[in-house]
Amino acid sequence: MAFTKIDHWEHHHKEESGDSALSVNEGVSDVPNVNPYFKRRPKRVLTTDDYVEGILSGNITVLSQAITLVESHNPAHYEQAQQIIERCLPHAGNSVRIGITGVPGAGKSTFIEAIGGMVVKMGHKLAVLAIDPSSERSGGSILGDKTRMESISGNPDIFIRPSPSAGSLGGVARKTRETIVLCEAAGFDIIFIETVGVGQSETVVHSMVDMFMMLQISGAGDELQGIKRGIMEMADLIAITKADGDNIHMAELAKTQITNALMLFPTPDSNWRPQVFTSSAVTGAGLKEVWGNIEEYIAYTKANGYFTSNRHRQSKYWMYETIGEALRESFYRNAEIEQILPTYEKRVLEDRLSSFIAAKELLETYFDSLKK
């Protein structure tokens, strides 16, 4: 039977009069998810004294919070971080700083996990830091290292910290160097500094470590292909990784080739001739020999005075680097420079002004603004 206009009117009329069985009842009000009687306690703000005491007592939580202050772009945090570093400095320096780099696929994280676990069993405390130049482009972090190093990440004697994920490589490196001071003050006597990317980061890491180790992989064709001469000249030790199973023969062949190549390089300032080892993070083969060579190198360079002179040279280098970075930041954050910089850039791009004249006039404007 068709639904007529009369039926529709009667149905609508019943709804209006309340006679219809179709009606909307009021629902039950939602129960709040949060306890109305709960009061959030204000987070305690640590003083500089709290930070220093916590770090010197080896409190990992306080150490992590202090490093966060170092990485912060907040001027107030920066000031407090510098105070903490200054007070921790007399308690720092009693460690061995080892830089670790490697070609893609060399298994840096796996190697660090294996040798790190071994080193801690010897009675050392290990901090693993990282410099990630790729973070400048992606804003990413190497926090994944913490999940990959499962067997050591929960060890109280091992501290793993990714690099800050913003700023210039120089800025990231400076913060890493300041983090080294805090870790040493907290009692970590072995510091691994891992380069996550390749390229300029090796040079930066080399400028803050006592020993520079390069990890190389075998079985990828020409073993010397893709290795920059500059990086090999910086290396104090080279380890061929993944030397296990069917790959042992290839690893030994790579060891011979790289050893012969190193003979062509001039003797480094330390007078230490780098050695090449084969190793396996899976079987543990070669790891004791690698660590034994590290201990030999440290003893040798301490005996001939290079260890101390190298650290002094690095301290001087980072003083000038910090000055340069501070001046750079001051220049680009200057209100007058921010206002006129786009105009100068446009004029240079349109060939209406040379790069050198533009830079000269911008610097003059900057220095004049400081006098006001």
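The values are calculated or read from the model by the stated rules, or taken from the named source; none is laboratory data. No experiment lies behind these values; they were computed from the predicted model shown. With ideal geometry, Cβ positions are generated from the backbone for all residues, glycine too; neighbour counts draw on all protein chains shown.
Got a number for residues in the stretch 276-312 being without any contact (Cβ under 8 Å) to a residue 12 or more places away in the chain and either surrounded by 13 or more Cβ atoms within 10 Å (Cβ to Cβ) or assigned to a helix (DSSP H, G or I) (or both)?
Going through the stretch 276-312, the residues without any contact (Cβ under 8 Å) to a residue 12 or more places away in the chain turn out to be 292, 295-296, 299, 302-303, 305, 308-309, 312.
Okay, now just the ones that are also either surrounded by 13 or more Cβ atoms within 10 Å (Cβ to Cβ) or assigned to a helix (DSSP H, G or I) (or both), so 292, 295-296, 299, 302-303, 308-309, 312.
The qualifying residues number 9.
Go through the stretch 138-191 and count every residue that is of a type in the set (A, V, I, L, M, F, W, C), modelled with pLDDT of 90 or more and not in a strand (DSSP E or B). Before the answer, list the steps.
In the first step, residues of the stretch 138-191 are kept if they are of a type in the set (A, V, I, L, M, F, W, C); the result is 142-143, 149, 152, 158-160, 166, 169, 172-173, 180-183, 185-186, 188, 190-191.
Narrowing the set further to residues that are modelled with pLDDT of 90 or more leaves 158-160, 180-183, 185-186, 188, 190-191.
Those left that are additionally not in a strand (DSSP E or B): 180-183, 185-186, 188.
Total satisfying the criteria: 7.
A quick yes/no check of all residues on (1) surrounded by 10 or more Cβ atoms within 10 Å (Cβ to Cβ); (2) farther than 21 Å from S207 by Cα; (3) of a type in the set (A, V, I, L, M, F, W, C):
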{"position": "G324", "(1), (2), (3)": "yes, no, no"}
{"position": "I337", "(1), (2), (3)": "yes, yes, yes"}
{"position": "L341", "(1), (2), (3)": "yes, yes, yes"}
{"position": "V348", "(1), (2), (3)": "yes, yes, yes"}
{"position": "L353", "(1), (2), (3)": "yes, yes, yes"}
{"position": "I357", "(1), (2), (3)": "yes, yes, yes"}
{"position": "E361", "(1), (2), (3)": "yes, yes, no"}
{"position": "Y366", "(1), (2), (3)": "yes, yes, no"}
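Tell me, yes or no, whether the stretch 123-135 has at least one residue that is surrounded by fewer than 20 Cβ atoms within 10 Å (Cβ to Cβ) and either at pLDDT 90 or above or under 20 Å from T61 (Cα atoms) (or both).
yes
For residues that are of a type in the set (G, A, S) and closer than 19 Å to E296 by Cα, scanning just the stretch 200-246, find the one that is modelled with the lowest pLDDT. Give the derivation first.
Within the stretch 200-246, the first condition is being of a type in the set (G, A, S), and the residues that meet it are 201, 207, 218-221, 226, 230, 235, 239, 243, 245.
Next, from what is left, pick out any that are closer than 19 Å to E296 by Cα: 235, 239.
Numbers: A235: 90, A239: 93.
Ranking the qualifying residues of the stretch 200-246, first place goes to A235.
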